Structure formats: structure tokens, C-alpha cells
Amino acid sequence: MKHSTWHVVTGFGAIIKATKRSLIVQQKMENYEIPIVDISHLVLIGGHTISTSAITILTRENIPITIFDSNGLPVTVTRPFKARYHEHIRTLQITSPPHKFAVFIAKNAISSRLLAIGKVIEELEEDFFYKGEVEIFQSSRTGLESMITMDEIRRLHRLSTDMYYEVMSRTISPRFQFRRRSERPHNDPVNSMLSLGYAILFAIVCSEIVGSDLDPDCGFLAKGEWGLVYDIMDLFRANMVDKPVFTLTREILSEDQYDCSGDRCNLNGEIIRILKESLKNSINRETINNFVINIIDVLQARDELRLKI
């Protein structure tokens, strides 16, 4: 497996500088350096200070910087000043009927989540489905082919996604107070861990899209800003982010690794470090890049939609 060489700075108060050879991060009385050649992507989550010289050096080396606010919501991603979308590709993307892409994304997202649940059931030797839930998942997946309107596809996709998180909540201890995917700010450690993982996945998917001259705002299933990013993320969430998060929650997470006493649940440095290391092993940039290339080939009528996870 090819590991992504992204670097993530979370929390608040980091000061980020750079020389021609190293990225320098100062945070909480600690200083460390990372060789520029070892970084493919810089992800900033929270409130930090980055020097213009660091931005310049990273941009010249074609290293994207993706910035998220403290709630894990995307703010921006850097691109070289003269970089532009390839208009031919963007035109094909905008004018292509979205139905085929939307059905493909929704079906494969359901399949990946069913597979994830099945692996946990096998691992823990306990069935976490309630009566009829398997049939709902399976009928949702097969029923997508007959859906005509985009609203129908989105409704079924949303229903199966919500149900997936509810089933997964039964695989972990109730003391973590995770019942389903929640709105920000999160009040439980599992949602906080998921959001951190999704922020990293977002950054990687977005950089692959931008680097391939696709428009990140032009989604097929997801509507609005960053639509294509969310579409592609949905195919990889279960395997690349959810699996390590739920595994760490069952095997490692303890109450001294997070604080939910305020208006949001804050993870401490130890669990963040463990999670980031786990995500470096689970997020496969090459797999994401291959699917982005496949989208371009499909838009140009040179291939059929295919996904290898």
C-alpha cells in the first residue's frame, strides 16, 4: 500500500514557518521540523499562524495546503496562482447527466458500509442488525437502479447512511455516547474522531480533484460547494476512516483521552496522534487517484465507471 505523506496540524496556536528544505512547526512549547521532500500535503485544522514564506515554498513545490476551521469544516485549499481548471474537462463535468454517476456512488457507498458492518459482526462474533435492517440496506442498493429523480436517489442514500451509523453505534460501548452522526460542534469523542478523519480524507480527495482539473464544486450526488469532493469521499469513508475510528474506540479509547465538559468534545494529543498514525495506514491516496482518473475517462467516453477498493 502507498502511504500518503501528508502532515496534519490540529488544535490552536501553532506557528508554521519554512525554509527551502524544512517545514518548521512551533506548538505548545514544542518545535519540530519535517523535510519538505517528505510532505505531499499540509492540512491545518483549527486556529494557527502560517507565514507567507511557508505558503510560497510549499506552493512552489506543488504541495497543497488545505485549511479547516475548528469544527472541521473546509475553508480553502491553495493552488498556484496561474492554475486553472481545464475548461474542456470542466465543461464535460458540468454538462454530463448526473444520474449514472449518482447511482454508482450511492450503490457503492451502501456496499462499502454493508461490508464494514459485516466485518465487525464477523470479528466480534455478534450480530448487530435489528430485524429487517439487512433487507432495508439490500433493497436500497437494488432500488437505486429504478430511481428516476435525483431527489429520490439522495433520499435513499441519506436513509441508508443514517442507518449505517446507528448500526455501527451498537458495536462500541454506550459510555462514549455515540448514537449516530451528529451536527457540529460534537458532544462525543467518536463523532470528533470521525470529523478529524473526514477532514484529512477531504484534504486528500480535494487535492486529487484539483490536480486533475476537475471542478470540486460540481458534484453528481452531492449538491453545492465541494460537491464532487463529498461524492468521492463517500466511497471511501467506511474503509479508510470509519474502520480505524471504530476499531480505536473499541480497543484503545479511554475517558482520559477526551474532554466533553464544555460546548464541544475535545480530543487530547495522545488519541489524535494515534488516530493520525492509523489513518496514514488506512487512507490510500493511490486508490483515490485511480478513481478520479476513472471519472475523467468516463466523462471523455473512454471507460466505464469502476471502483477498486
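Here are some notes:
- Taking (1) of a type in the set (D, E, K, R); (2) farther than 25 Å from ARG184 by Cβ; (3) in contact (Cβ under 8 Å) with a residue 12 or more places away in the chain; (4) in contact with a helix residue (DSSP H, G or I) (Cβ under 9 Å, 6 or more places away or on another chain) in turn, ASP242 satisfies each apart from (2).
- Scanning region 223-261 for residues that are part of a helix (DSSP H, G or I) and among the basic types (Lys, Arg), we see that the one that is farthest from HIS99 (Cα to Cα) is ARG250.
- Residue within region 50-62 that is over 23 Å from TYR258 (Cα atoms) and part of a strand (DSSP E or B) present: yes
- Some residue of region 46-54 being touching a His at 6+ places or on another chain (Cβ under 9 Å) and in contact (Cβ under 8 Å) with a residue 24 or more places away in the chain: no
- Restricting region 258-309 to residues that are among the charged types (D, E, K, R) and under 18 Å from the mean Cα position of the chain (by Cα) leaves a set whose member that is surrounded by the most Cβ atoms within 10 Å (Cβ to Cβ) is ARG285.
- Check on ARG113, modelled with pLDDT of 95 or more, in the same structural domain as LEU235 (by TED's automatic domain parsing) and in contact with a Phe, Trp or Tyr (Cβ under 7 Å, 6 or more places away or on another chain): yes
The values are calculated or read from the model by the stated rules, or taken from the named source; none is laboratory data. What you are looking at is a predicted structure, and each value in this text was computed from that prediction instead of being measured. Glycine gets a Cβ as well: all are built from the backbone with ideal geometry, and neighbour counts include every protein chain shown.
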